[in-house]
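Before I ask anything, here is the structure I am working with.
The values are calculated or read from the model by the stated rules, or taken from the named source; none is laboratory data. The structure displayed is predicted, hence computed values, not measured ones. Cβ sites come from the backbone with ideal geometry, for glycine too, and all protein chains shown count toward neighbours. Areas reflect the complete protein model, heavy atoms only, side chains present, ligands, DNA and RNA absent. Shrake-Rupley method; radii C 1.70, N 1.55, O 1.52, S 1.80 Å.
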Amino acid sequence: MLVATALASIFIRDLFAVIMVFGIYSLVCAGFFLNLNAPDVALTEAAIGAGIAPILMLGTLALTRHSWDPEPHAKKSKHNPLLPLIVVTITGAALVYASFDMPHYGDVTAPANNHVAPRYLQDSATEIDIPNVVTSVLASYRGFDTLGEVFVIFTAGIGVLALLGFLSDGSGRKYWQFADTASLRRHTVLHVIAKILIPLILLYAFYVQFHGDYSPGGGFQAGVIFATAFILYTMVSGLQAVYKIIRPEFIYLMMVIGVMLYAGTGLVAMFMGGNYLDYNALDHHDPVHGQHLGILLVELGVGICVAAVMMSVFFNFAGRGIHVPEDNKEGGQ
Amino acid sequence: MSIVLGLFNYWVVIALMMIGFYLVIATSNLIKKIIGLNIFQTSVFILYISIGKVKGGAAPILEEGTELYANPLPHVLILTAIVVGVATTALGLALIVRIKEAYGSINENEIREKGGTT
């Protein structure tokens, strides 16, 4: 089924349909992860792959489509499809050959399941005392990795801001002054449903954030779900209405605060006599309690950073859509 | 038969990976290339999660009375990778938007033609 939807994305020419198929593909993926006992990953994939990624792709499509040739694909592609096909087949065959050396699916004795993983599973109950092992590995055992990932997300957010944000717009126009494009405002049904849904989504985001120690969830997923609520509101009510609630500057500030909260927790641990990101030092009398506190703070930092980056990326795409047509008109004359 | 069942997941991964690879090198539309990259990326996710699967194991949330759990390490790596993936995808899409503004096209061939003249 996965292969079928992926194949469909090769053969469908209409980009809109391809993006929709990609969303379905991600949802199927999420189900697949759940089946493989990875509920945390499934939650992330469902929120991101089926939620945010298609929205961003559609945004790009909306920004790039309007002056297209009516039939851009009518022109024969210069590429010969045969050569890539041969390359792909050879690479695939080599990989299938290599797969015969792989441990079989679900094998307990596979090397991947026998080095650090058993230690995490056996000792995290006494060392960290959090039921969700994924959270404790993410925030404590491999805190450095996660810190790096958060910085990558932060950098990507800054990059999008530099490419599309108002900072690079030299004409000096403030982009939140434009009339909003959302023609959806007039649809009462959408408004009512969104009004019911948004508080529930926000509540769910907080649940996922703070209950991540006990059930699947955590900062990454919560941040994305939180951002989704605001994206829904933007789509229904327009960009202007959102900027009445949160100023863009506030979102940029939150991006930095999220990262600093994570890095700062590490520093505090260092000042209190431990290693960097060693939460045991946060509470000298009860190291386990220190771990809880550290994980809570770090996850909060991740959540804030991810939510702010996702929102700023989406708002930049949406804000671009408002004044790009004018730029093009000026360029065309 | 056990070989086929034991390695089936990897073959699915390889098929997906090759589909993504083909999209990246064979299509000239930049958005489709990004989708190809994403499919490639998901295939790697599935590979990791498949490796972490333990037959008869439960999801890695500690409970009384459960002995066997799936390997939590790949889950951690992949769930952060998914979020990083969407952030970098957003960066790529932002670049496409700027390319469109500079060259008036998101088709690689047309961009090449224009790049030669300007």
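Take each of the peptides A:249-258, B:9-18, average the number of other beta-carbon atoms within 10 Å over its residues, and list them starting from the highest.
Going from most to least packed, we get B:9-18, A:249-258.
Compute the orientation-averaged projected area for the stretch B:42-118 from the convex hull of its Cα atoms and round it to one decimal in nm².
7.0
What distance in nm separates the simple spin-label points at residue A:155 and residue A:125, each placed 7 Å from Cα in the Cβ direction?
4.0
May I ask you to rank B:75, A:104 by accessible area, largest first, using a 1.4 Å probe over the protein chains only?
A:104, B:75
Calculated FRET efficiency, residue B:5 and residue A:91, Cβ-Cβ r, R0 22 Å, to nearest 0.05?
Once the sixth-power term is evaluated, E becomes 0.35.
A further question follows. Mind giving me the nanometre distance, one decimal, between the label points for residue A:250 and residue A:114, set 7 Å out from Cα along Cα→Cβ?
Simple spin-label model gives 5.5 nm for this pair.
Further question on the same structure: With a point put 7 Å past each Cα toward its Cβ, work out how far residue A:144 is from residue A:192 in nm, to one decimal.
5.7
So what is the accessible area of chain B per residue, in Å², with the probe set to 1.4 Å?
Accessible surface, normalised per residue, equals 38 Å².
Protein chains only, probe 1.4 Å: how do A:195, B:114, B:55 rank by accessible area, largest first?
Reading off the accessible areas and sorting them downward yields A:195, B:55, B:114.
Roughly how far apart, in whole Å, are the Cα centres of the stretch A:124-160 and the stretch B:37-75?
17
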